[in-house]
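The values are calculated or read from the model by the stated rules, or taken from the named source; none is laboratory data. Remember, predicted model here, so these are calculated numbers, not experimental data. No Cβ is skipped: glycine too gets one built from the backbone with ideal geometry, and neighbour counts run over all protein chains shown. Ligands, DNA and RNA are stripped out before the accessible areas are found, and what is left, the full protein with its side chains, is counted by its heavy atoms. Shrake-Rupley method; radii C 1.70, N 1.55, O 1.52, S 1.80 Å.
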Amino acid sequence: MSGAFLEVSGLVKHYGGVAALDGCSLSLRKGEVTGLIGPNGAGKTTLLNALTGLAKPEAGTVSFMGADVTGLPAHRMAALGVVRSFQIVRELSSLTVFENLLLAPPHQIGERLLGAVISRRKWWAQEHVNAAKARTLLERVGLWKLADQSSAALSGGQKKLLEVARALLLEPRLLLLDEPGAGVSPPLREEIIRLVRELKAEGLSFGIVEHDMHLVGEVCDHVHVLAEGRTLVSGSFAEATSDPRVVEAYLGLAA
Amino acid sequence: MSQSPRLTRRQVVAGLGALPFAGAIRPAFAQAAEVPLGMVLPFSGATGPYGPDMKKAAELVLGQVNEAGGILSGRKLKLFIEDSETNPTVGVTATKKLLEVNKVELVGGFWGSPIALAAKPIILAANKVQMVSCSANAVTDGDTKGLVWRFQAKSTSWGPAGAKVMNSIGAKKVVVLAQQNPFVVAMIEPFKAEMAKLGGTVLDVVMYNPDQPSYRAEVEKAFGGDPDGVFCLSLLTDFTSIAKEVYRGGFKSKIVALSIGADAEGKFLQAVGPEVAEGIYHLQPAPPLDTPSYKKFVKEMGAPAGTVFLFAGNAHDQICVTALAMEHAKSSDALVWAKSIPEVCNPPGEEVDDVVKGLELIRAGKKIKFVGAGASCDFDARGDQINRSFLVQVVKGGKNTVVGVIS
Amino acid sequence: MAQLFLNGLVTGLLLALPALALTLVFGILKFANFAVGALLTFGAYAGFVANVQFGWPLPLAAAFAALCVALASIIADALVFERLRERGSITLLVASMGVSLVVENICRFFFGNAARSFDVTLARPIRWQGVRINHEQIVTASVVIVALILVHLLLTASPLGRAMRAVADNPSLAAVRGVERRTVARIAWALTGALLGIAGVLAGLDRAIDPLMGWNYQIPIFAAAILGGLGSPLGAVAGALMIGLAEEMSALILPTNYRQVVSFCVILLLLLFRTNGLFGAKAVRK
Amino acid sequence: MSAYLVTLVILVSVAALVGLALNLQWGLAGLVNFGVSGFVALGAYGVAITAPHIGWLPAMIFSALLCAAISMALALLSIRLEENYLAIVTIGFGEIVRILLLNEGWLTGGALGIADIPRPFAAITPPGGGDGVILAFAIALVALVFVLLELLVRSPFGRVLRAVRDDATVASALGKPVLALRVRAFAVGGAVMGLAGALHAFYLTYIDPSQFTPIITAYAFMAVIAGGRGSNLGLLLGAGSIMALLEATRFLKDLVPSIDGAQLSALRLGMIGIGIVLLLILRPQGLVAEPRRRATEFFPNAKGEG
Amino acid sequence: MIENRETDALRVQGLRAGYGRGGDIVCGIDFAQRAESIIAVIGPNGSGKSSFIKTIAGLLPARAGSISVTGSDVTALSPARRVFAGLAYVPQEANVFRSLTIRENLKLATEFLRGRPGIGREQEERVLSLFPEIAARPRTLAGNLSGGQRQMLAFACALLANPEVLLLDEPSAGLSPKIVSQTMEAITRVRESGVTILLVEQNVSAALKIADEVVVLVAGRLSLRAPAKDVKPHDLASLFFGKAA
C-alpha cells in the first residue's frame, strides 16, 4: 500500500503554442480525496484529460498503481478504473436518465455485436443486475423518480449528480471530478459533499478539480495548487490556502 | 408559419394518396374497346435528348390510325408513355406499371440496351410484345418466345459499316474514341476486324466515361498523334463537347461519327454551328429517305425537309407494325399478333408505307409488306431487323449531305 | 506534355469559381452545398437565354447569368436554407440535394434535354512553341483570373469582405459588432450565385449546355474545395488548379476512363495526412 | 395491378434494406455515408458474379461479407475525419466503384452489365409464378434484417452507439472503445447494403452500372430523415412513403396530359426535390421516435417511487 | 433600488431567458444601473451570470421582460441593432476575430454602424490612445496576440462604437493575475471616458476593487445588491454557498 496510487511526473502539453502543462508533477494517494485547485488556465482540465487518456502528453509519465499508463486511450484508462466527470456536464442527451446509467457498466455482453443478437438471455440477465445497481444509485442521488426522463431535461445540478452516479457504475478505483460544485445549488452541493465523504469511507479515491473553496475545504485531505502548468504548492487545505504564493496567484484575497 | 405548414402537409399527403388512386381507376373506366399500348422512353438522364421526338412520332401514328377508325373493327389505340430516366431500375418499374396498371399489349420504345435488357424478363413473363430501338446483341439472345422485336441495327453491324466509311475516305491509320456504353462497346471489335480486312490499322482505342465535365484529355489522346481518321462513338451531349474541342484544338484528322451524336435529328448542328460540324462524316442505319412516305413523315414531324430521323422513325414503325399485325391477326392478344409481325413486314406482299392504307389492304385480305419511316422493316427469325443499310452523310456548309449508302 | 499542362490549368481555372463558391458558403454557413452543380447549370441556361434568345453579346449574357443565379441563390436561402440553419450540416446538405433536383429540373422543364451552345463563332487555335492555345481558353483564363482577383479584393479589402470573414470566424461576435449573420449570409449567397453564373457561362462555352452539365462538374468541384480545405478561399483556387492538372495530366499514365478516379485518389491521400485539407483550419470532431 | 404492386413492394424492400443500413450507420452511430450506391452495387455484382457458380445463398453471404470488409476498411481509413470530409470520401468511394464496374469488363461485363442472374429458389419456382416467390423472399429478407437490427438497436449495443453519436468523448471516458464500435456499425451497415444490392440483382436478374447512381444514396437519406433517425420502424414507413412519392408522381401524366415527356419528367423529378425539402422543413423529428429502455421494464411496480 | 428613469443607463425588467427547450436560466431579473457607474455581477458558476449578460446583449433571446438602454427599449432588437442603440458587449475569451488583423478588427467595429453619433476619427484616436500597444501593430493577426492584448483589442473595438453601456463577460478569464490587474485598470479608464459598465466576474476580489456596486446572482435570481465597499468576502461565502438571500 506504500507509494503513490497515481503518480504524475514532468507532464508537458501544448495547445497552439501555449503550454497548458509545463512539467507538472504530483501524486494522488489511495483512499484519499485530493483537491486540484488553481486559477483559470493553470492546466487543471488538461491534467485531467492527460490522466484519462483524452489528451496525449508530449513528455512526462503517468503511472497508476505502479504501472505506466502514459498515453493509453481513454477507454483503456476507464477499464483500469480511472473514471472522470466533465466540467461542463456532458450528459448523453438522447438517452434517458436510466439509460445513461445502464450504459456505464463495463464488460456488457450486449455491447458486443454478436453478443447482442446471440446471447440475448445473458445480456438480459446482466441488464437486470445493472438495472438494480442503477436503481440503487439513482435512489442514492435522488434521481430515481426522473429515471425515464430524457437526460437533456435535467437541471444543471441534477446532471452533475447523474454524471457522478454514471461514473460510479463503472466501479472505479479513482474518480476524477471536474468542478463538481459548479452550477450546483447549495442544497445539491451539500448532497455532493455528503456523497463524496460516503464513497471515500467505502474506499474510493478521488481527485477533484474545484474552484469552490468551501467544497474543497470540506472534503479534501490533500491539495495541489496548480499555476501555469506546474504544481505551485502541495499540502493540506489549510497549508495550501495560507501560502502567500497561492493567495497572490489564485485567491487574490485572504480566503 | 404556425398554421400554414400543417395545411400544406395535409394537402401534400392527400395529393399523394389521390394520385395512384386516380391512376389506378382510370383504365378501369376507359372504354373497353381501346387497345392499350405502352412505350418506355428516355426523357431525362444521359439519353434524355432522344425521347421527345420518339414520343411525337408514336403519337403521330396513333392519331392517324384512330382518325381512320382504329383497328379491329373500330377499336381505338391508346398510348401510355413512361420515362425511363435512362435508368434500368426505373425502366423496370415503368414497364411494370404499363403492364399491370395500363394492361398494355406492347411495350415499345427502349432507347438503351440496359433498360431493354432489364425489362425483357418481365415483359416475357407477362407474355406481351417488346419492341426495342437499341442495338446490343444480347437483347434478342436467348429464348424470346418470339415476342422481342428489334427496330434497329445490331451493334455488330454498325462497326463494319464504320470501317467501310473510313476506307472510302482514305483513312488507314485510325483511332477509336468511344464512350463506355453498351451500345457502342459492341461496335469496336467488329470495327477493328473490318479495318484489318480493309488493310487499315487501329492505332489506339480511347475509352471514356459518360457525364464528364470535359473531354479535353481524351481528345488530346485520340487526335494528338495525327491519325488519318478518328471513329467517334459518342452520343449527342458528349459529342457536342468533343467536336468543339477538336475544332478549337485545330486537329486535322477526319472524323467519322455516329449520326446519333453527330446529327441527332438536327440537334447537333443546332448545338455547335456549321463551322465546327464542317467535314464530319456520320453514319446510321438508313431510313428510306427517298420514299414519299418518309418525306411525309418528316413533314408531319415538323422538321425541315431532308432531316434524317432514326429513333423517331423507329418509334413510328413500332406503332405501325403493331397496328398492322393486330389487324392481320384479328386479335389484340400479344401471343397471337406477334406471330403476324413477319407476315406484314417481310416480303412477299404489296409494299405499303402508310399505316392507314396498310390497314385497309389487310382488311381487304391482301398480303402486304410494310416499309417504315425508320427502315424497310424486314425481320429474321430472332426478331432482328435485317437488310439494314447504313446511310453515310457529311456536314458541308452547315448541311448534312448524303455521301452514299453502305449495305 | 506542355499541352496537357496548359489544358490542366484551364480545366482547373474553370473549376476555381465554383469551388470558391462552395467554400464561401461553407465558411459562412458551415455546410457543403450540393446545389452548386445545379446552380452552375442554371447559370449556363440563363446565359443561353440572354445570348441566343435575346441576342445579347456574351459578356452581357454572363452578367445576366450572374444576376439570375445570385437571385436564385438568395431565394433558395430564404425558402429552404434559412429555415434549416439550426439543424446541422448534414440536414442542410440533404436539403441542398433537394434544391439541386428542383433547379436542374426547372432547366429541363424549359429547355429540354438536348445539348445547346452559345451563339459565338469558335476560332482555330493559336500555335506557340508547339502548344495550341485557343481563344476560349484565353477568355476563360482571363475572366476567371479577373473574377478571382475581384473576389480576393472584395474579401480582403472591402467592408463586406471583412464582414464575411468576421461571420465565418465568429458569428456571435460579429453580431455584436453590428454584422448580421443573416444579411452576410444573403450577400454570400449572392456572391456565390454570381460566381456560379459566370462559371456556368464559361462551362457552356467550353462544352455543351445540358441539364446534367453541372452534375458532371459536381465531384471535381467538391474535390477541389476539400483539397484546399473547406472554408478557405485561397485553398479552393489552389485545389481547383491541382485537380485540373491531376485530371488532365493523368492521361499520361492512366487510361482516360479512369481519369475521374484521380481526383478522389488525390483527396484520399491528402486526407490521410492532413485531415482538414491543404489550407483548412483545424476542426476538431467532438 | 397486383404484379405492379409486387414490383413496388420489392423495390420498397430494397430501399428499406438500404435505409435500414444507413439508419444504423448514420441514424444510430452518427456516421455519414454518401457512398451507399457503391455498397449496393458491390452487393449486386457480388451475387451476379458468384451466384451462377456457388449458388444464391453462398453468393449472398459472400456479398454481405465483401461489403462488410470494404466498409471496415473505409471506416478505418476515414472515420477520424470530420463529418463533411467523411461525406466526401464516401461519395468518392461510390463513384470509384461505379467507374470500376463500368470499365473492368472482364469481370463485370462493363457497360453491358450481367444478365440472367439466377433467382433464389429458381428450381422450385413454378413457371410464371416467379414474382410470388421473389416477393416472399424479399419480405422475408427485410423481416429478417429488420428483426436483427431491431435486436441490435434495442440491445446495449444500440445504446452504446447512441452514446457514441451523442458524445464520443464521454463514451470513451466511460470505457467504450469508440473506434471499434464505429467500425462495427459501419461494417454491419455495409453488409446490409450488400444484401439490398443482392435482392436488387435477384429481382431484376440483370444489372449494369447505370442502375447504381448516387440517386440511391439520396433516396436512402430521404427515407432515414422522413422516418426519423434511429428508428427502424420509422424507416420502413419512410422508405415506403419515399417510394410512394416516386411512383405516385408517375401517375401525374395521366392527370396532366398536355405537356411533353421531357417536361413531365422534369416536373416529376422537381417534385421529388420539393418533397425532400418539405420533409426536412415540416418533419424535423421524422415519423417515429427512437426506442428507449424504460426503468419500468425492470421494475414494473416501481413507477413514480423514490 | 428603483432610481430615476431618466438617469438609468441600463434598465432590465422581469427578464427571463434560457437555452433551447430547457428551463429558465435567467429567472426574472429586475435591475437598473445609473449612468457612468461600474456594477459587477458575481455569483457561483452556473448561476446564470453569463446568460444574463448575453440576454442583455441579444445573443440569447429574452423569453419575458424588457431591456432598455438610456430610456429606449431594445428588447425586440437584434444584437447588431442594440450596438446601434448604444449597447456594446465584449464576450468571454473568443472576443476578437482571430483570422483578421488588428486593423481589420478595428475597422469592423464601426463599419456597420454608420450614422451612429460619436463614431469616427476622433473617437478612434481617443480610443487608441487608451490602448497604445494595439495601435502600434495594425497588421498583426489578432489570433497571434496574447490573451491580455486580445482583451485590450476587444475593449478598443467595443469602445469605437461610442457605447453608452459596455457589457463585459468575465474580462479576467484565462488571464494571469498581473494582466487581470491591468485589465481592471483599463476598465476604470473606460468608465472615466463616460461609459456605463456592467461586468460579470468570477474573480471577486478584482471586481470588488473597481466596482461601485456589486450584484450577486444565485440560480438566475438577484440575491443581493450592495455598494462594493460594504461587501466583505466572508459575506460572499455565505451568499454564494449558503442559503439564497
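Given the structure, is B:Met195 within 20 Å of the chain's Cα centre (by Cα) and among the hydrophobic types (A, V, I, L, M, F, W, C)? In short, no. Contact map, segment C:166-183: first residue facing chain E (nearest Cβ under 7 Å), second residue aromatic (Phe, Trp, Tyr) and part of a helix (DSSP H, G or I), Cβ cut-off under 9 Å, separation 6 or more or different chains; pairs are C:Gly178/E:Phe84.
Checked against (1) closer than 24 Å to D:Thr217 by Cα; (2) at pLDDT below 90; (3) open to solvent by less than 10 Å² (accessible area, probe 1.4 Å), C:Asn7 passes all but a single condition, namely (1).
Name every residue in segment D:83-110 that is acidic (Asp, Glu) and either surrounded by 24 or more Cβ atoms within 10 Å (Cβ to Cβ) or out of contact with any Ser or Thr (no Cβ under 7 Å at 6 or more places or on another chain) (or both), in order of residue number.
Quick first cut of segment D:83-110, residues acidic (Asp, Glu) only: D:83, D:95, D:104.
Of everything in segment D:83-110, those that are acidic (Asp, Glu) and either surrounded by 24 or more Cβ atoms within 10 Å (Cβ to Cβ) or out of contact with any Ser or Thr (no Cβ under 7 Å at 6 or more places or on another chain) (or both) turn out to be D:Glu95, D:Glu104.
Residue pairs whose Cβ atoms lie under 8 Å apart, sitting 6 or more positions apart in sequence or on different chains, and linking a residue in segment E:116-134 that is free of Cβ contacts under 8 Å to residues at least 24 places away in the same chain to a partner that is in a helix (DSSP H, G or I), are E:Gly120/E:Thr110; E:Ser129/E:Ala135; E:Glu133/E:Gln149; E:Glu133/E:Met152. One residue stands out among those in segment C:243-263 that are under 13 Å from D:Gly92 (Cβ atoms) and open to solvent by 10 Å² or more (accessible area, probe 1.4 Å): the one that is farthest from the other protein chains (Cβ to nearest Cβ), which is C:Val262. Those helices (runs of 4 or more DSSP H) of segment A:140-244 in which at least 3 residues are open to solvent by less than 30 Å² (accessible area, probe 1.4 Å) and not charged (D, E, K, R), considering only elements entirely within it, cover A:156-168, A:186-201, A:213-219. Anything in segment C:86-124 that is in contact (Cβ under 8 Å) with a residue 60 or more places away in the chain, over 19 Å from the mean Cα position of the chain (by Cα) and in a helix (DSSP H, G or I)? List them, or say none. Result: C:Asn105, C:Ile106, C:Arg108, C:Phe110, C:Phe111. For the residues B:Ile386, B:Ile362, the requirement of being β-branched (Val, Ile, Thr), modelled with pLDDT under 85 and either crowded, with 16+ Cβ neighbours inside 10 Å or closer than 16 Å to B:Ala286 by Cβ (or both) singles out B:Ile386. Residues being facing another protein chain (nearest Cβ under 8 Å) and either out of contact with any Ser or Thr (no Cβ under 6 Å at 6 or more places or on another chain) or assigned to a helix (DSSP H, G or I) (or both) are entirely absent from segment C:184-202. Has segment E:37-54 got at least one residue that is at pLDDT 85 or above and surrounded by fewer than 19 Cβ atoms within 10 Å (Cβ to Cβ)? Checking segment E:37-54: at least one residue is at pLDDT 85 or above and surrounded by fewer than 19 Cβ atoms within 10 Å (Cβ to Cβ). In summary, strands (runs of 3 or more DSSP E) completely within segment B:108-213 and bearing 1 or more residues that are touching a helix residue (DSSP H, G or I) at 6+ places or on another chain (Cβ under 6 Å), modelled with pLDDT of 85 or more and open to solvent by 20 Å² or more (accessible area, probe 1.4 Å) occur at B:201-208. What about D:Gly113, is it open to solvent by 10 Å² or more (accessible area, probe 1.4 Å), at positive phi and not aromatic (Phe, Trp, Tyr)? So D:Gly113 passes the test. Under the condition of being open to solvent by 10 Å² or more (accessible area, probe 1.4 Å), without any contact (Cβ under 8 Å) to a residue 60 or more places away in the chain and among the β-branched types (Val, Ile, Thr), the residues counted in segment E:63-111 number 3.
Restricting attention to segment A:66-121 and to residues that are farther than 19 Å from D:Thr169 by Cα and in a strand (DSSP E or B), the residue that is nearest to the other protein chains (Cβ to nearest Cβ) turns out to be A:Ala67. Being within 17 Å of B:Val129 (Cβ to Cβ) and open to solvent by less than 20 Å² (accessible area, probe 1.4 Å), is that true of even one residue in segment B:291-311? Within segment B:291-311, none of the residues are within 17 Å of B:Val129 (Cβ to Cβ) and open to solvent by less than 20 Å² (accessible area, probe 1.4 Å).
Given the criterion open to solvent by 20 Å² or more (accessible area, probe 1.4 Å), over 17 Å from E:Ala161 (Cβ atoms) and not in a helix (DSSP H, G or I), identify the matching residue among E:Arg114, E:Arg16. Sole residue among the options that is open to solvent by 20 Å² or more (accessible area, probe 1.4 Å), over 17 Å from E:Ala161 (Cβ atoms) and not in a helix (DSSP H, G or I): E:Arg16.
Of the residues in segment C:61-81, at least one is in contact (Cβ under 8 Å) with a residue 40 or more places away in the chain, under 30 Å from D:Tyr219 (Cβ atoms) and within 12 Å of chain D (Cβ to nearest Cβ). Just one of the listed residues (D:Ala191, D:Ala140, D:Ala115, D:Ala187) is closer than 25 Å to A:Trp123 by Cα and more than 9 Å from chain A (Cβ to nearest Cβ), and it is D:Ala191.
Per-residue answers, yes or no, for (1) open to solvent by less than 60 Å² (accessible area, probe 1.4 Å); (2) assigned to a loop (DSSP other than H, G, I, E, B); (3) modelled with pLDDT of 80 or more:
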{"site": "D:Val224", "(1), (2), (3)": "yes, no, yes"}
{"site": "D:Leu236", "(1), (2), (3)": "yes, no, yes"}
{"site": "D:Glu247", "(1), (2), (3)": "yes, no, no"}
{"site": "D:Leu267", "(1), (2), (3)": "no, no, yes"}
{"site": "D:Pro291", "(1), (2), (3)": "yes, yes, no"}
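crowded, with 24+ Cβ neighbours inside 10 Å, closer than 15 Å to B:Val129 by Cα and in contact (Cβ under 8 Å) with a residue 40 or more places away in the chain, is that true of B:Ile341? Against the criterion (crowded, with 24+ Cβ neighbours inside 10 Å, closer than 15 Å to B:Val129 by Cα and in contact (Cβ under 8 Å) with a residue 40 or more places away in the chain), B:Ile341 qualifies. The residue that is nearest to D:Ala180 (Cα to Cα), among those in segment D:59-84 that are within 12 Å of chain C (Cβ to nearest Cβ) and modelled with pLDDT of 75 or more, is D:Leu76.
When you check D:Leu8 against the structure, is it touching a residue at least 40 places away in the same chain (Cβ under 8 Å), surrounded by fewer than 24 Cβ atoms within 10 Å (Cβ to Cβ) and either within 19 Å of the chain's Cα centre (by Cα) or within 14 Å of chain C (Cβ to nearest Cβ) (or both), yes or no? Taking the combined requirement at face value, the residue satisfies it.
Kindly evaluate C:Ala2 against the criterion of being more than 13 Å from C:Ile198 (Cα to Cα), surrounded by fewer than 20 Cβ atoms within 10 Å (Cβ to Cβ) and touching a strand residue (DSSP E or B) at 6+ places or on another chain (Cβ under 8 Å). Don't jump to the end; show me each part of the working.
Numbers: more than 13 Å from C:Ile198 (Cα to Cα): yes; surrounded by fewer than 20 Cβ atoms within 10 Å (Cβ to Cβ): yes; touching a strand residue (DSSP E or B) at 6+ places or on another chain (Cβ under 8 Å): yes.
Answer is yes for this residue.
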